[in-house]
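One structure is given here, and the rest of the page talks about it.
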Amino acid sequence: MIGHVWTVDQGTHNTVTCEFYDREAHHQYFFTDPYLYDKACLSILFGSEVDVDDYATLFASSIGKGGSMLYYRPHEIEGVSRADWRVEMPSGEDITCIFPLRIQIDEPSH
C-alpha cells in the first residue's frame, strides 16, 4: 500500500483527501469534489521504465445527471508540473471499477 483516500460528505459536495505513507516522496493533498466520486485508486506503477506519469490517482463517480465521471489527478512531485484531466462518460454509462494501467503501443515494423 502506498497510502489511502477518504471523503467527507459535505451535503452538496465531498471533500477528498489523499494521504501517502512516504511523505517525503509524495505530498498529501485535498480538494472539493462536486462530482461525488465514490471510487479511487492510488497508483505508482513499478518497473524498469517508470516515468512521472505513472504517479497519479484515479477517481470515478457513479451515474449522476449524465454519465459517470472519470478524473485523473497526478501526484504532486516537487519540480514537476503536470495537468489533471476529467472526462464524462456518455449518458447511461456507469464506471463500476477503476485500475491504473500503462499501455505502450509500439510502431509496427515495415
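Rounded to the nearest whole Hz, the Karplus-based 3J(HN,Hα) values (6.51 cos²θ - 1.76 cosθ + 1.60, θ = phi - 60°) of region 7-18 follow the sequence 10, 10, 6, 9, x, 8, 7, 10, 10, 10, 10, 10, with x at glycine and proline.
Peptides 89-98, 33-42 ranked from most to least packed, by the mean per-residue count of other Cβ atoms within 10 Å: 33-42, 89-98.
Any read-out appearing in this document is the output of simple, stated calculations on the displayed coordinates, not a laboratory observation. Fair warning: this is a prediction, and the values are worked out from it, not measured in the lab. Every residue, glycine as well, gets a Cβ built from its backbone with ideal geometry; the counts of neighbours run over all protein chains shown.
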